[in-house]
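As structure tokens, the structure follows; a few thoughts come after it.
The values are calculated or read from the model by the stated rules, or taken from the named source; none is laboratory data. Treat the numbers as computed from the prediction; the structure is a model and nothing was measured. Please note: Cβ atoms are built from the backbone with ideal geometry, for glycine as well, and neighbour counts cover all protein chains shown. Accessible surface areas use protein heavy atoms only, side chains included; no ligands, DNA or RNA. Shrake-Rupley method; radii C 1.70, N 1.55, O 1.52, S 1.80 Å.
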Amino acid sequence: MAADYPDIDIAPYIDHALLTPTATPEQVVQWCEQAYRFNFAAVCIYPTYVKQAAELLQGKKPKVCTVIGFPTGATTSAVKLYEAQEAVENGATELDVVLNLGWLKVGKTEEVHREIAEICEETGQTVKVILETSLLTDAEKRLATEICMDAGAAFLKTNTGWNGGATVADVRLLKEVVRERIGIKASGGIRTHEQALDLILAGATRLGTSRGIDLIRQRDNLEKGE
């Protein structure tokens, strides 16, 4: 471990993501095995693979997370709710829901609140709202944070990874507004162990990444002095 960093095990922070359009059932098996082996918090997969992941991880610690309204957030509220309910029926216990950015941009705050609140209430599961911070002003990030907290979200997630990635500055901003009332998931573009630690120290309580294994290997190499 580098001298400038505390001894933090990043593994329990990681949502092991498999969100490439070409993801296969064989890869889902691999991701679930890795999540269990390395003590990751969750696997994050597309809704079509939720049932498979839930069966593979039954009785095991990693949670089954899926994405709703991904990656744009522009599907209708009814479709998002149905997608969320079906995912829960299939075994998902965490839902990463993309915020309707267009609504937020034009001030339709009641619609944004209603959509998130309905998903939270009707599913009863952990909802992480994806803000796509790289597309928002700081004022919009703060507004979205307040709306989502009031609607019942358990986490705020920085990015989908499709329009930029997590930054320390954004995590700090979210932490300032959240004040530890809900979690913060930093996601998108996390490629190094050092970057992961920086995001945790800034306030992230989860890390969404497809490179979890690489990050663990980097940590192990640092501990060996390589």
What does the charge dipole of region 48-182 about its Cα centre add up to, to the nearest 20 debye, if the Cβ of each Lys and Arg holds +1 and the Cβ of each Asp and Glu holds -1?
-> 460
Free-by-geometry Cys in the chain, Cβ-Cβ under 4.7 Å as pairing rule, reported as CYS32, CYS120, CYS148
Report, for the chain, the % of DSSP beta bridges that are antiparallel, rounded to 5.
-> 0
In deg cm²/dmol and to the nearest 500, what is the mean residue ellipticity at 222 nm of the chain if only DSSP H runs of at least 4 residues count, each as -39500 (n - 2.57), divided by the residue total?
-> -13500 deg cm²/dmol
Any idea what the dipole of the chain comes to, in debye rounded to 20, about its Cα centre with Lys/Arg Cβ at +1 and Asp/Glu Cβ at -1?
-> 160
Roughly how many Å is it from the Cα centre of region 191-207 to that of region 5-42, as a whole number?
-> 15
Tell me, what % of the accessible area of region 120-226 is carbon and sulfur with a 1.4 angstrom probe?
-> 43
Rounded to the nearest 20 Debye, what is the dipole magnitude of region 152-226 about its Cα centre when Lys and Arg each give +1 and Asp and Glu each give -1 at the C-beta?
-> 280
Can you check how the C-alpha radius of gyration of the chain compares to 2.2 N^0.38 Å, as a plain ratio?
-> 0.97
Excluding ligands, DNA and RNA, what is the solvent-accessible area per residue of the chain at a probe of 1.4 Å, expressed in Å²?
-> 46
Between HIS113, HIS193, THR158, whose Cα lies farthest towards the positive end of the dipole of the chain when Lys and Arg beta carbons carry +1 and Asp and Glu beta carbons carry -1, centred on the Cα centre?
-> HIS193
For region 129-224, whose charge dipole is built from +1 on Lys and Arg Cβ atoms and -1 on Asp and Glu Cβ atoms, the candidate among VAL129, ILE216, THR167 with its Cα farthest towards the positive end is ILE216
Considering the chain as a Gaussian network with a 10 Å cut-off on Cα pairs, which listed residue, THR48, THR209, THR22, attains the greatest mean-square fluctuation?
-> THR22
Return the sequence-ordered ³J(HN,Hα) values of region 202-217 in whole Hz as given by the Karplus equation 6.51 cos²θ - 1.76 cosθ + 1.60 applied to θ = phi - 60°, using x for Gly and Pro.
-> 6, x, 5, 10, 9, 10, x, 7, 8, 10, x, 5, 4, 5, 5, 5
